[in-house]
Amino acid sequence: MNLPNKLTMFRVILIPFFVIFMLIEITSMDKWIALAIFIIASLTDLLDGKIARKYNLVTNFGKFMDPLADKLLVCSALICLVELGKMPAWMVIIIIAREFIISGFRLIASDNGVVIAASYWGKFKTTFQMIMICLLIADISALHGLTVVVMWIALLLTVISLIDYLVKNKDVMKDTK
């Protein structure tokens, strides 16, 4: 259990605390605590990959758990935001559907010995989704216009990154047997 894997597991452990502060009224600071937890969890996502690559600490556990932890964090946040009426369900369905499609694609590719690396579109998508989630949690009325614009950009990047993956990796779906 190296440092990147510990950071990944820490991110997973933070998710229930994030959800609790998002959905249950405990203090008057709940949304700010949830926002802080989300930011910390998001930063561990950034750090674990950089550390793993820089110090050659990439493991099979990390390859499996890191993307799973990311999806759990983002999907948990999006579902909480729908529950709180801060985000339309149809947008969340598109975002989550994209994650399922890409995960399935990667599974098929892996079965054929192909590794599908993250694209720049996927990285932009993730960045805008994280910013969108932070803005929606903070719910600052003066930033409402910016929040709406970031939501649409995140959705657009979600669709573009999906199309990019499908086009670049269309051969993955061909039957080679």
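Residue check, Trp90 against (1) out of contact with any helix residue (DSSP H, G or I) (no Cβ under 9 Å at 6 or more places or on another chain); (2) part of a loop (DSSP other than H, G, I, E, B), all met but one. Which one?
(2)
Please find, within the range 96-142, the residue that is nearest to Gly85 (Cα to Cα) out of those that are among the polar types (S, T, N, Q), modelled with pLDDT under 90 and out of contact with any Lys or Arg (no Cβ under 8 Å at 6 or more places or on another chain).
For the range 96-142, the residue satisfying everything is Ser110.
Out of all the residues in the range 28-52, which are within 19 Å of Ile140 (Cβ to Cβ) and loosely packed, with under 13 Cβ neighbours inside 10 Å?
Ser28, Met29, listed by residue number.
Assess whether Phe61 counts as being at pLDDT below 90, part of a helix (DSSP H, G or I) and open to solvent by 40 Å² or more (accessible area, probe 1.4 Å).
So Phe61 passes the test.
Pairs under 7 Å by beta carbon, first residue more than 22 Å from Lys31 (Cβ to Cβ) in the range 120-135, partner open to solvent by 40 Å² or more (accessible area, probe 1.4 Å) and at pLDDT below 95, six or more apart or different chains?
From the range 120-135, no pairs qualify.
Residues checked against (1) β-branched (Val, Ile, Thr); (2) surrounded by 15 or more Cβ atoms within 10 Å (Cβ to Cβ); (3) at pLDDT 95 or above:
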position: His144; (1), (2), (3): no, no, yes
position: Thr147; (1), (2), (3): yes, yes, yes
position: Trp152; (1), (2), (3): no, no, yes
position: Leu155; (1), (2), (3): no, yes, yes
position: Tyr165; (1), (2), (3): no, yes, no
position: Asn169; (1), (2), (3): no, yes, no
position: Lys174; (1), (2), (3): no, no, no
position: Lys177; (1), (2), (3): no, no, no
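The values are calculated or read from the model by the stated rules, or taken from the named source; none is laboratory data. Values in this document were obtained by computation on a predicted structure and should not be read as measured data. Glycine also receives a Cβ, built like all others from the backbone with ideal geometry; neighbour counts cover every protein chain displayed. Side chains included, ligands, DNA and RNA excluded: accessible areas come from the protein's heavy atoms. Shrake-Rupley method; radii C 1.70, N 1.55, O 1.52, S 1.80 Å.
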